[in-house]
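Undergrad: Mind looking over this structure? Questions follow.
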Amino acid sequence: DGRRRVEDPVALDELPQLWNIISGDMSSVGPRPLLPADQPDDLELRLMVRPGLTGWAQVCGGKLISADEKNALDAWYIRHASLWLDLKIIGRTIWMLSVTGDRRNEKAISIALLVHSYSEVVDLPHSTAEQALDGASASS
C-alpha cells in the first residue's frame, strides 16, 4: 500500500530538503531531483527552475510512473507553473500522504507525453505545440 500512515514521522532524509527550501536553494513545488540514470537528454528546461519537495509528477503517479512519464510531467509543469497549480499540487500532496497514497493520473500523463513527443517531432516551442494540438482536437 502506497499510503503513509498519519502516525509515521517525517522521513529524516527530507529534513535537509526543508532546510534547502528555507535557504532558497529549493522550492516547495517543482520537479523533484532525478537519479542520474533517469536524467533526460535535454536538461536545459529542467535547469530553468529550482527542484521541489513535491511536484506535478509526484501527484500524477509518484513511484508508479516511468522515468519518461516523469520527465514529460515535469516539462509540462515547468511550462504551466502558476500559483494556482502550485496550490493544487500542495493540496493533492497532502491528500495523497494522508488518504490515498500514490495513484496514476492517466489523463495528465497522456497529455504530458503527447505534448512532449509532438513538440520534439515538429521542433516547435511547447506553447505552439499545445496550440496545434488544441486546434487538431477541435477540428476532429
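The values are calculated or read from the model by the stated rules, or taken from the named source; none is laboratory data. Predicted model, so just to flag it, every value in this text is computed and none were measured. Positions of Cβ are generated from backbone atoms using ideal geometry, with glycine treated the same way; all protein chains shown enter the neighbour counts. To get the accessible areas, we keep the full protein, side chains included, count just its heavy atoms, and leave off ligands, DNA and RNA. Shrake-Rupley method; radii C 1.70, N 1.55, O 1.52, S 1.80 Å.
Undergrad: Taking the simple approach of a point 7 Å from Cα along Cα-to-Cβ for both Arg104 and Asp42, what is their distance in nm?
TA: 2.5 nm
Undergrad: I've got another one for you. Sort Met48, Met96 by heavy-atom solvent-accessible area, probe 1.4 angstrom, most to least.
TA: Putting Met48, Met96 in descending order of accessible area: Met48, Met96.
Undergrad: Using the beta-carbon distance between Ile90 and Leu64 and R0 = 25 Å, what value does 1/(1 + (r/R0)^6) give for FRET efficiency, to the nearest 0.05?
TA: 0.80
Undergrad: Can I ask one more? Work through the residues other than Lys70 whose Cβ is under 9 Å from its Cβ and net out their charges, Lys, Arg +1 and Asp, Glu -1.
TA: Here the count lands on -3.
Undergrad: OK, next. Taking H as built 1.01 Å from N, whose amide H comes closer than 5 Å to the amide H of Gly101, not counting residues under 5 places away?
TA: Amide H neighbours of Gly101: Arg4.
Undergrad: Tell me, what ³J(HN,Hα) does each residue in the range 32-46 have, in order and in whole Hz, if you take phi through Karplus 6.51 cos²θ - 1.76 cosθ + 1.60 with θ = phi - 60° and put x for Gly and Pro?
TA: Ordered by residue, 3J(HN,Hα) equals 5, x, 9, 5, x, 5, 9, 5, x, 5, 9, 8, 3, 5, 4 Hz.
Undergrad: Just need the relative contact order of the range 20-68 here, percent rounded to a whole number, with Cα pairs under 8 Å and 6+ apart.
TA: Reported as a whole number, the value is 45 percent.
Undergrad: Residues of the range 36-71 with amide nitrogen under 12 Å from the 7 Å Cα-to-Cβ point of Ile21?
TA: 52-55
Undergrad: Which whole-Hz ³J(HN,Hα) couplings does the range 52-57 yield from phi under the Karplus relation 6.51 cos²θ - 1.76 cosθ + 1.60, θ = phi - 60°, glycine and proline marked x?
TA: x, 6, 9, x, 4, 5
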